[in-house]
Structures are given as structure tokens and as C-alpha cells.
Amino acid sequence: MRMTTLTLLVLLAGCRPAPSQGTAPAATTQGRMGAYAPGVDAMTYAAGAAATVTVPAGVYVTGLSCHATGAGATLTITPSWPSITSPVAGPAIPIPAGGGFSLGRPWLASNANELGAGTVLAFSGTDSYYVGYYALGGP
């Protein structure tokens with residue numbers, strides 16, 4: 001099944017993060033897709049409007065999407081992982097007015113060696129964004 005940005009946002013609107021165990025993410029930008037026990041793999045996410053998102057330690061990006069109503073919106077990705085000593089931002093990805101952009105499997109291999117901790121995602125001029133993370137071993 002192919003999931004559009006709108007479908008993903010509608011699905012996320014029905015998700016409410018469960019009470020967390022340990023330190024809770026910021027209520028307005030991050031949430032958990034359910035509670036889990038220590039040592040269990042888990043999905044987390046960040047969401048909002050235009051912002052710069054830095055991937056936190058202990059997780060890697062599994063997918064991302066954004067939408068822009070107006071012209072001039074962009075997404076710039078500066079990948080990071082342990083083997084990169086000098087991260088370099090890629091070219092700005094234009095987000096079409098009234099449209100969206102998404103990146104996930106199979107284009108993202110979804111492992112810590114692609115868009116891992118320290119990766120910077122700069123959403124500029126967007127109405128909404130979603131960044132899915134996968135955390136190995138829980139919080």
C-alpha cells in the first residue's frame with residue numbers, strides 16, 4: 001500500500017502517545033507510539049510545522065514527510081552517523097506549493113548508518129513535517 005503524506009498525517013492525528021517510562025519527549029514535537037519495556041525496540045517521532053530537527057542519540061530515521069501550502073518551501077538534510085567526521089548539508093529539496101515530499105523504505109535503508117544521531121533536517125516554509133525514528137533497546 002502506498003501511503004501519501006495526507007494519509008500519514010490523518011493516521012497520525014488518531015495516534016496519541018502513551019504515558020512514557022523514563023524521560024518524556026517534548027509534548028509538542030515528539031511522542032511515542034505506545035509504552036514499552038526497557039530493552040525492547042520502539043518507534044518514536046517528531047512532528048510540527050517549519051523547524052530544524054536534530055536526530056537525538058539512540059535513534060535513527062526510518063522515514064520523513066512534509067507538506068507546503070505556499071511556494072518556496074524546502075527540506076535540507078545534513079546526514080550524520082559515527083563514521084562521518086565532517087557532515088555536509090545536501091542541496092535544498094524544493095517542496096512544491098500545495099504538495100508534499102516523503103522519503104522512506106525502500107529508499108531509506110532504515111539503519112543507523114544512513115540518517116543516525118546528529119543528522120539535521122531543516123524544514124523551511126513547510127506547513128507540517130513528520131520524522132519517524134526507530135530506537136533500539138528502548139529509551
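With a 10 Å radius around each residue's Cβ, average the other Cβ atoms per peptide and rank 64-74, 95-105, highest first.
Working: 64-74: 19.5, 95-105: 15.3.
The densest-packed peptide leads the list: 64-74, 95-105.
Kirkwood-based Rg over Rh for the stretch 37-135 (C-alpha set), two decimals? Let's see the in-between values first.
Values: Rg = 13.5 Å, Rh = 13.7 Å.
Here the Rg-to-Rh quotient is 0.98.
Every number in this text was worked out from the coordinates using simple rules, so none of it is lab data. Since we're looking at a predicted model, the values are computed, not measured. Using ideal geometry, Cβ is built from the backbone for each residue, glycine included, and neighbour counts are taken over all protein chains shown.
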